[in-house]
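Each remark here refers to the structure printed beneath this line.
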Amino acid sequence: MDAERLARTRSLMCEAVADCLVVGYEPLIEALKLPDPGDRHVLAAAIRCSAQVIVTSSVKDFPALHLEPFNIEAQTPTSSCFTSSNSRPDGSQPLSSSGRRLSGRPR
């Protein structure tokens, strides 16, 4: 996608989904531990916006051991689609109260 089309797509997404950008997560990155340090920004953004789920094709890069202290879990896009409308056994929802999920690098 060329830069102009990407900018237009981003603008349309921001107009369509209020409060869709995660900001202010950068100070959290350094203190986080993950197998791939390059993925810490994803966890930092999830923490910042109080997400309960990180949707990723690389669940192995987000071990439960590192996510549990923040009450976050990693799910594949396929499993997330099937669980997003269902409650967990404890009655909680697999999404935050704002319905946010994270996938990819926050901008």
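Derivation of every value follows stated rules applied to the coordinates shown; laboratory data play no part. A quick note: this is a predicted structure, and the numbers were derived from the prediction, not measured. Note: ideal-geometry Cβ built from the backbone for every residue, glycine included; neighbour counts use all protein chains shown.
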* What are the residues whose amide H is under 5 Å from the amide H of I54, where those residues sit 5 or more places off or on another chain and H is modelled from the backbone? -> E73, A74, Q75
* To do: Just subtract the alpha-carbon distance of D19 and E68 from 0.36 nm times their residue separation and send over the number in nm, one decimal.
  => 15.1 nm
* Could you give the nm distance between label points at L12 and D36, where each point is 7 Å from its Cα heading toward the beta carbon? -> 2.9
* Of the peptides 41-52, 66-77, 25-36, 2-13, how do they stack up when ordered by the mean number of other Cβ atoms within 10 Å, highest first? -> 41-52, 66-77, 25-36, 2-13
